[in-house]
Amino acid sequence: RNGFACVVLSDVLELVQFLFVVTFSTFLLCCVDYDVLFATRPLNQSHVPEHTKVTLPDAVLPAPQCARRIRGNGWLLFLLVLAGMVWLCRLVTALRRLVGYWEIRSFYIRALGIPADELCNHSWQSVQARLLALQRRQPLCVPRRELTELDIHHRILRFRNYTVALVNKSLLPVRFHLPLLGPVVFLTRGLQFNLELLLFRGPAALFQNTWSLRPQVKQAGTRRALAQGLARAAVLLGVANLALCPCVLGWRLLLAFFSYAEGLKRAPGSLGARRWSLYARHYLRHFNELGHELQARLSRGHAPATKYMDSFSSPLLAVLARHIGFFAGSVLAVLIVLTVYDEDVLTVQHILTAITLLGLVVTVARSFIPDEHSVWCPEQLLQRVLAHVHYLPEHWQGRAGRAETRAEMAQLFQYKAVFILEELLSPLVTPLILIFAFPPRALEIVDFFRNFTVEVAGVGDICSFAQLDVRHHGNPQWLSGGHTEAPPERQAEHGKTELSLMRFALSNPRWRPPPPARRFLGHLQAQVTRDAATAPPPRALLAEGPLAASLLSEDSALAPEGLVASVLVASGLVARDPRFGQSCSTASATASVLASLRTPTGTLSGTAPPGQGRGAPDSPGEHQSPEERPALSESRLRSLSRSALLAEVASAEMSLHAIYLHQV
């Protein structure tokens, strides 16, 4: 969160914002004379000229009258007292967190040797390396002499890994089939807060503290009693949410109005922008992936996902939108011309309202009109999305152009307007989910925590999926056949274990995986090498693509992004080009570039294959000829620091691995 000063300022301003919303709303409700403001009655009864200008102070009631109106409204007094209690609770929480923030600041300065003003110059890997070195000099974790990168991620992401695994195994009640709407996904911040309260942080939670489960959870004989207690707690929490629903709903409406009303007037199309849903942030998240790493990956995938969703259009809606836009635009143009000719037109009642609404109609209508120069290529666009988000359902393969695929993608990549609507409906829907949908799954959830929890010395109880153990949680369909002993019920879905292992190994090159994981990574590299032998050299693949000249030029923002984009068109081009004597599938083209990406230049020996550790001797990429290395421009390499270059190459390599694993 960018340092101690930013964190404290953010918390203080959030408290001020709460007071402002409550105070301003009370002022608008009780202290404004709307009859004067709207000029529905004269300013006073004295002899005043008819056209006297009304000022804002004239529309504000005197303080004694305002106070009487507040005291005379019992419901308003009750809501103000409730708001005051909530604000005091938030103040106490902020003060407690402030103490923790100060301790973290002191730890960074004294123990890690990172002053506050230099924090922005350090990457997470740099902080992590200093923490591991400190553990060796002065043990912070007593039971373990040495910690690994995986141990640190387990402690930071203990609860988050459980949540990601619960979504992966479809145990959380977030997917529903409604009679008229069909399959829907509903996960909001309010519902997430209540689920975390039930499972991790509440008085009836399965965790007794921040690092260990209750002893009863690990005993098979108490599973039904625990499930009944968890279901009862969910119902009580749902009833409490239902009782507070009017207050929470009113607060959400006020906050949404103050947050989005001005932006909607200034840019009506902003609600048509898309964002990754909260469900997508759990479904697409790797095990042991930190928040800033997930955000960076989804941000890279935002543009390709937008292009994919925008490539769909309804011809019927397009025809209607063109004509509606024409009608509304014609009237809007006349009003604008009249306003320019004589500004007194603005004094006509509701003229500004008409101009605003007509502008909104025109903007919405244009959003349904497709670009006449667009090219229909959904499969390639979806592959570009996959390159960054790493997870897509298997049944989407070859069905990128289907409306069903787009509808499912819309659950992950939703309109901002849908996000706001879901958050507004959350106080109404969350109690129903807690009361009716959660209790039937309580026994399965208790069994999940018992069956998929392991205790690690110095770390505590963690989700076993987060250990990235291919032998116990691998899926044979994702190249872990022969390396896994897991029955189907213990396998992670969608290749989550394999892809999470690959990402963690690439992001933490000094990490030494356990033997089963190392064998899987070695098997994967061998498979890549075999497939690469059936494809042309990477330099030829990247140079022959029509997008290569622009994507790999020195003006390119990210050269690795150009590698990913070029690979996606390489297979079809090579297959049709007579200069190549062999066909090339997407998997082979990806493998060819992957085999050469282990060392992008002869001077960069730190990017060894995953699992070998940094600086591994005789890395295959160190002895490649220039013709076999990817086309990363020298100016691009010189412009980046070593850590930034390693991060870019690791990101590109993970993108290519995601494409490759989904293909094979």
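The values are calculated or read from the model by the stated rules, or taken from the named source; none is laboratory data. Because the structure is a prediction, the values reported are computed rather than measured. Positions of Cβ are generated from backbone atoms using ideal geometry, with glycine treated the same way; all protein chains shown enter the neighbour counts. These area figures cover heavy atoms from the full protein model, side chains too; ligands, DNA and RNA do not enter into them. Shrake-Rupley method; radii C 1.70, N 1.55, O 1.52, S 1.80 Å.
In this structure, the amide hydrogen of PHE413, modeled 1.01 Å from its nitrogen in the peptide plane, lies closer than 5 angstrom to those of SER277, counting only residues at least 5 positions away or on a different chain.
Residues VAL385, VAL364, VAL345 ordered from highest to lowest accessible area at a 1.4 Å probe: VAL364, VAL345, VAL385.
Ranked highest first by the average count of other Cβ atoms within 10 Å around their residues, in what order do 490-498, 368-376 fall? Walk me through the intermediate numbers first.
Working: 490-498: 22.6, 368-376: 11.0.
Ranked from most to least packed, the peptides come out as 490-498, 368-376.
Calculate the FRET efficiency for LEU242 and HIS523 from the Cβ-Cβ distance with a Förster distance of 45 Å, rounded to the nearest 0.05. For R0 = 45 Å, the calculated efficiency reads 0.25. What FRET efficiency comes out for GLN295 versus ASP117 if R0 is 22 angstrom and r is the Cβ-Cβ distance? Round to the nearest 0.05. After rounding to 0.05, the efficiency reads 0.35. Solvent-accessible surface of region 1-122, averaged per residue with a 1.4 angstrom probe and all protein chains in place: 74 square angstrom. Using equal-weight Cα scatterers in the Debye expression, the normalised intensity of region 1-122 in log10 at q = 0.11, 0.19, 0.23 Å⁻¹ is -0.63, -1.04, -1.25. What the Cβ-Cβ distance of ASN2 and ALA39 gives, at R0 = 51 Å and to the nearest 0.05, is a FRET efficiency of 0.60. Using a probe radius of 1.4 angstrom, the carbon and sulfur fraction of the accessible surface of region 1-122 is 67%.
Note on region 68-106 and region 423-462: Cα centroid distance 29 Å, given to the nearest whole angstrom. Inter-part distance, region 273-307 to region 316-330, computed on C-alpha centroids, equals 34 Å. Show me, for region 479-485, the HN-Hα J-couplings you get by feeding each phi into the Karplus relation (A = 6.51, B = -1.76, C = 1.60, θ = phi - 60°), rounded to Hz, glycine and proline as x. Once rounded to whole Hz, the list reads 6, 9, x, x, 10, 10, 10. Heavy-atom accessible surface of THR55, to the nearest 10 Å², is about 60 Å², with a 1.4 Å probe and all protein chains retained. Placing a label point 7 Å from the Cα of THR306 along the Cα-to-Cβ direction, the residues of region 415-439 with a backbone N closer than 18 Å are 415-420.
Label sites at SER330 and LYS218, each approximated as a point 7 angstrom past Cα along Cα to Cβ, lie 7.7 nm apart. Spin-label model, GLN138/ILE109: points 7 Å from Cα along the beta carbon direction are separated by 1.5 nm.
Amide H contacts under 5 Å for VAL456: ASP461, ILE462, restricted to partners 5 or more places along the chain or on a different chain, H placed in the peptide plane at 1.01 Å from N.
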